[in-house]
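Here is the structure we will look at, set down as structure tokens.
The values are calculated or read from the model by the stated rules, or taken from the named source; none is laboratory data. Here the structure is a predicted model, which means the values were calculated and not measured. Cβ placement follows ideal geometry from the backbone for every residue including glycine, while neighbour counts extend to all protein chains displayed.
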Amino acid sequence: MRDARKLSWGFGGRDSGSILAVLNFYWPREANWDPIFTLLEEPLVSGEDKRGVADFLSRYYTELPPMVKDWLRDHAESLASQPQIQHAKFQQPVGATLTALAIQSGGLSEQQSARALANAFARPSQSRIDMTGSLRNGLHSKDPLIFIPLLGDADPKVRRQAAEGLIGLVSDDQPSDTVMAALEVAILGEGALVALTVAARLRQRASAGASWPLTLLENCEQHPSAAVRLAARVGRTL
């Protein structure tokens, strides 16, 4: 943070923020969260140095100490409006990790959350990947229909996250025709990345006793990619 305030940024090395967050989480008696809060708030710190911390806090949000949750909720608006600082082409921007964390904290109104989601999906692909992954992990909505428009995203990583989220929210009962049609589109789409993920997840659901994936798995077994066909049969990739 001292270097960032002097307008000096490096790359590589340890992710000190994430390391401190992990230590604070697992050793709460010795925890010092103030440097984490300062890191997240400092606008001159690059997004790459915030991503790991934000991801960790989001992943373990329900288990965070109350004072950390309180701070995140109280600072949700500033977190959601953080600039996309990227000091070099090889660095990752913060993407939507802080926005997702702000929504998760409950510190944004319904209107602010909707605006934050819309802004995240209007940004470059890393932001869309981040937010789709957060939605897949249960952020904001349990309605599988939220993922269907994302299956048409230009980035296959967004489509893959959306397909995983859609499958994860479908119960063992027969899904709607809309959901089945959306998954067919995902299987037949360009490339093999999305179809590979769908095939593996569908086989896992079928192996757990669900019958609705069987028709879709037949489509996967006709896919041009051998990896997709294998995933449809055994639930794993090469």
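Tabulated data
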| quantity | calculated |
| --- | --- |
| Which listed residue is under 27 Å from V228 (Cβ atoms) and in the same structural domain as E77 (by TED's automatic domain parsing), from I129, I146 | I129 |
| Pairs where the first residue, in region 176-200, is acidic (D, E) and the second is at pLDDT 90 or above, C-beta under 8 Å, 6+ apart | E184/L216; E184/N219; E190/P156 |
| Residues of region 99-118 satisfying the condition of being more than 15 Å from the chain's Cα centre (by Cα), of a type outside the set (G, A, S) and either over 22 Å from D55 (Cβ atoms) or in a helix (DSSP H, G or I) (or both) | E110, Q111, Q112, R115 |
| Failed item in (1) touching a helix residue (DSSP H, G or I) at 6+ places or on another chain (Cβ under 6 Å); (2) in a helix (DSSP H, G or I), with L230 passing the rest | (1) |
| Subset of region 127-149 (residues that are part of a helix (DSSP H, G or I) and either at pLDDT 90 or above or within 10 Å of the chain's Cα centre (by Cα) (or both)) | S127, R128, I129, D130, M131, T132, G133, S134, L135, R136 |
| Residue, surrounded by the fewest Cβ atoms within 10 Å (Cβ to Cβ), within region 203-226, restricted to residues that are of a type in the set (A, V, I, L, M) and closer than 21 Å to G168 by Cβ | A208 |
| Where a residue in region 90-103 is in the same structural domain as H75 (by TED's automatic domain parsing) and at pLDDT 90 or above and its partner, wherever it lies, is surrounded by 24 or more Cβ atoms within 10 Å (Cβ to Cβ) and not in a helix (DSSP H, G or I), with Cβ under 7 Å and at least six apart | none |
| Residue ID - surrounded by the fewest Cβ atoms within 10 Å (Cβ to Cβ), chosen from residues in region 99-127 that are closer than 18 Å to W71 by Cβ and among the hydroxyl-bearing types (S, T, Y) | S105 |
| Residue within region 160-167 that is part of a helix (DSSP H, G or I), out of contact with any strand residue (DSSP E or B) (no Cβ under 8 Å at 6 or more places or on another chain), free of Cβ contacts under 8 Å to residues at least 24 places away in the same chain and surrounded by fewer than 19 Cβ atoms within 10 Å (Cβ to Cβ) present | no |
| Which listed residue, of A192, A210, A200, is more than 21 Å from the chain's Cα centre (by Cα) and over 22 Å from T97 (Cβ atoms) | A210 |
| Residues of region 164-192 classified as farther than 11 Å from P213 by Cα and β-branched (V, I, T), total | 4 |
| Check on I187, surrounded by 12 or more Cβ atoms within 10 Å (Cβ to Cβ), modelled with pLDDT under 90 and at negative phi | no |
